[in-house]
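Only one structure is covered here, and it is reproduced in the block below.
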Amino acid sequence: QMTIANHQGYPEIPEFNGNYDTGIEHYLNAPKITVTGYGSVPGGGNNGNNTLPPVPHVPQTPTVSVPPVVKPTPIEEEKPVSNVVPVPSYVPSPVPSVPSPVVSVPPVPQPTSPPTNSGCTHGTQTCNADGAGFKVCVWGVWSNTISCAATTKCKALAPGTVNCGWP
């Protein structure tokens, strides 16, 4: 009851090549089969015992293809070559070594203690009166104003710590 095509003894359906009606008649004329969960067929069949009737034997003619016999090509015996010209060997010239330049960077001086006339504590931040920027205390001296972004204002987060944020 199954539709079989392109197998010995059955209809041959060519490639579709975009025409999806090619061979459709074999499927439309096939009997409709409904199978339940146990493999039984409505209206009889195998009575739900999950065994199928024997498949009819279709004799087949075996196809055997034998590759052609290829005889090996005889290999000629190697002969000494008499017209070999010697090639001079290449020895690269030594590359002079150039010493790497020695660069010394002087250490950045760090004050050991804040200046005696300090007007602020090192690292302290403070907002300008208009909120447009802030200053940072560097070793007892207030820095120049550091501007906040155009749409932000300086706000004190905690004593000595500020942030430029949305107003």
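Only the coordinates and a few stated rules stand behind these numbers; no lab work does. Here the structure is a predicted model, which means the values were calculated and not measured. Positions of Cβ are generated from backbone atoms using ideal geometry, with glycine treated the same way; all protein chains shown enter the neighbour counts.
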Q | Around VAL162: net Lys/Arg minus Asp/Glu count, Cβ-Cβ under 11 Å | A | +3
Q. What is the sum of charges around GLY133, taking Lys and Arg as +1, Asp and Glu as -1, for the other residues whose C-beta is under 14 Å from the C-beta of GLY133?
A. +2
Q: Calculate one ³J(HN,Hα) per residue across segment 87-97 by plugging θ = phi - 60° into the Karplus curve 6.51 cos²θ - 1.76 cosθ + 1.60, and present them in order as whole Hz with x for glycine and proline.
A: 9, x, 7, 9, 10, x, 6, x, 8, x, 8
Q. Using θ = phi - 60° and the Karplus curve 6.51 cos²θ - 1.76 cosθ + 1.60, what whole-Hz ³J(HN,Hα) does each residue of segment 131-145 get, with Gly and Pro shown as x?
A. x, 7, x, 8, 10, 10, 7, 10, 6, x, 10, 6, 6, 5, 5
Q) Of the listed peptides 16-25, 157-166, what is their order by residue-averaged count of other C-beta atoms within 10 Å, with the highest listed first? A) 157-166, 16-25
Q | Nonlocal amide H pairs with THR124, under 5 Å, H built at 1.01 Å | A | CYS137
